[in-house]
Amino acid sequence: MNIITTSTTPYHESVERLPKEGNHIIGRVTTDHIVVYQAFRNSIADYAVKHQTFGGNDYSYNRMSWIKTSFLWMMFRSGWAQKEGQERILAITIRKKDFERILAQSAYASFQRDVYENEDEWRQSLQQYEGRLQWDPDHDPFGNTTVRRAIQLGLKGGMLEQFGSTQIVSIEDMTFFVNEQYQYVNNRQLDKLKIPLESVFVPQDPAIAKKIGLTLL
């Protein structure tokens, strides 16, 4: 799935179409797949694009690795691919069913009083699940926070190995597109800015939506 040449939309149209507030999984979604983003140094990105999996001398499965579905959240985190070690932006396509498994097997990264009865229950969930979940303010192209909150998911251990080696459908290097669009942001020409076509993703299992604190439309 080439999200660069066939699945982009003007930024201002995206703003008008997507929810303005609440906890929403906003991303590039198709009938069976969803795109998540990661930013890496050149050596890791080169290996991933060539082999369509993660590995090589500079990639470690013995750490937490975070994935994001919101393009502009990824742009904020990587500084539009300008930050050291985040010069390459990868669009990683996975199956929706695998993404839902990740959601189901993730615990909140920090204690949430409206989710857990007490901190002991939260700590038990951290031991039970290898995934980490957190909602953060989404961002506009200039890095300003929005009222809407975006999801990011941390993977480690067996969950990360499964993601990196078996769950990936395709890995696309979209750094050229990011660099091109950054020029419009840098020149404050948002009328020319394009972003991947995004929509709201809702898990098929209502229990997952409830567990992660999703705002339902």
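The values are calculated or read from the model by the stated rules, or taken from the named source; none is laboratory data. What you are looking at is a predicted structure, and each value in this text was computed from that prediction instead of being measured. Cβ coordinates were reconstructed from backbone atoms using ideal geometry, including for glycine residues, and neighbour counts include every protein chain displayed.
Things worth noting here:
- Of the residues making up region 185-208, just one is small (Gly, Ala, Ser) and farther than 18 Å from residue 32 by Cα, namely 207.
- Restricting region 178-207 to residues that are charged (D, E, K, R) and not in a loop (DSSP other than H, G, I, E, B), the residue that is nearest to residue 45 (Cα to Cα) is 180.
- Residues satisfying the stated conditions in region 14-61, i.e. in contact with a helix residue (DSSP H, G or I) (Cβ under 9 Å, 6 or more places away or on another chain), among the β-branched types (Val, Ile, Thr), in contact (Cβ under 8 Å) with a residue 60 or more places away in the chain and more than 30 Å from residue 191 (Cβ to Cβ): 53
- Applying a threshold of 7 Å to beta carbon distances and a minimum spacing of six or more residues, or different chains, the list of pairs starting in region 87-101 at a residue that is more than 14 Å from residue 162 (Cβ to Cβ) and ending at one that is hydroxyl-bearing (Ser, Thr, Tyr) and assigned to a helix (DSSP H, G or I) reads 88/175; 89/78; 89/175.
- Odd one out for residue 216 among (1) under 22 Å from residue 30 (Cβ atoms); (2) modelled with pLDDT under 95; (3) surrounded by 15 or more Cβ atoms within 10 Å (Cβ to Cβ): (3)
- Enumeration of residues in region 157-177 that are under 21 Å from residue 82 (Cβ atoms), under 15 Å from the mean Cα position of the chain (by Cα) and in a helix (DSSP H, G or I): none
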